[in-house]
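The values are calculated or read from the model by the stated rules, or taken from the named source; none is laboratory data. Owing to the predicted nature of the structure, the values given are computational and were not obtained by experimental measurement. So basically every Cβ, Gly included, is an ideal-geometry build from the backbone, and we count neighbours across all protein chains shown. The area values use the complete protein model at the heavy-atom level, side chains included, leaving out ligands, DNA and RNA. Shrake-Rupley method; radii C 1.70, N 1.55, O 1.52, S 1.80 Å.
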Amino acid sequence: MNEFEQVKILLVEDSPLDAELTIRALKDGKLANAVEWVKDGQQALDYLFQEGAYAERNGKLPQLVLLDLKMPRISGIEVLKIIKGDPRTRKIPVVIMTSSREERDVAESYDLGVNSYVVKPVDFTALTNLARQAGYYWLAINQAPEL
């Protein structure tokens with residue numbers, strides 16, 4: 001990752017508190033200079049495919065999607081299925097960050113092609129550290145293909 005490159009992360013999270021902590025952790029760790037936050041699965045799909053309210057946005061795709069599972073309108077599982085099923089978005093690393101420890105959710109996420117599944121800690125400091133570590137791994141350590 002070039003230090004001058006614009007790093008974009010799409011955060012799909014319906015909890016304002018979790019979103020604020022995640023965004024702060026990523027920016028404090030200097031891991032992203034553009035974090036786009038959407039509050040549900042429909043907004044995530046509109047953002048990625050430049051539809052609805054995001055029809056006019058810059059066409060560059062995010063380098064990472066942090067995706068909650070339990071969301072209104074369209075679930076994280078459904079969003080993951082669409083992202084990984086479309087050739088335009090399937091190479092984007094997707095990290096599930098959720099409170100669900102259900103084996104069914106973990107198994108289905110991996111069956112659909114998730115890159116990582118992380119259970120969010122309840123503690124605010126631990127959540128901040130988790131977001132920073134996930135961002136660091138996927139943006140600084142992992143070698144991703146060109147999108």
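Can LEU80 be described as part of a helix (DSSP H, G or I) and surrounded by 14 or more Cβ atoms within 10 Å (Cβ to Cβ)?
yes
Take GLY29 and tell me if it is more than 23 Å from GLY113 (Cβ to Cβ) and modelled with pLDDT under 95.
Details: more than 23 Å from GLY113 (Cβ to Cβ): yes; modelled with pLDDT under 95: yes.
So GLY29 passes the test.
So which residues in region 123-143 are open to solvent by 40 Å² or more (accessible area, probe 1.4 Å) and either farther than 17 Å from LEU11 by Cβ or more than 15 Å from the chain's Cα centre (by Cα) (or both)? Explain how you work it out, then say what you get.
If we filter region 123-143 for residues that are open to solvent by 40 Å² or more (accessible area, probe 1.4 Å), which is where we start, we get 123-125, 129, 132-133, 136-137, 140-143.
Scanning region 123-143 gives ASP123, PHE124, THR125, ASN129, ALA140, ILE141, ASN142, GLN143.
Of all residues in region 89-122, which are open to solvent by 60 Å² or more (accessible area, probe 1.4 Å) and either assigned to a helix (DSSP H, G or I) or more than 17 Å from ASP68 (Cα to Cα) (or both)?
Result: ARG90, LYS91, GLU103, ARG104, GLU108, TYR110, ASP111.
Within region 62-76, which residues are closer than 24 Å to GLU108 by Cβ and either in contact with a strand residue (DSSP E or B) (Cβ under 9 Å, 6 or more places away or on another chain) or of a type in the set (Ser, Thr, Tyr) (or both)?
We begin by selecting, within region 62-76, every residue closer than 24 Å to GLU108 by Cβ; these are 62, 64-76.
Residues satisfying the conditions are PRO62, LEU64, VAL65, LEU66, LEU67, ASP68, LEU69, LYS70, MET71, SER75, GLY76.
For the list (1) without any contact (Cβ under 8 Å) to a residue 60 or more places away in the chain; (2) closer than 19 Å to TRP138 by Cβ; (3) open to solvent by 10 Å² or more (accessible area, probe 1.4 Å), I need the number of the one condition that LEU21 fails.
The number of the failed condition is (1).
Modelled with pLDDT under 90 and acidic (Asp, Glu): is that true of ASP46 in this structure? Steps first, please.
Working: modelled with pLDDT under 90: no; acidic (Asp, Glu): yes.
The answer is no for ASP46.
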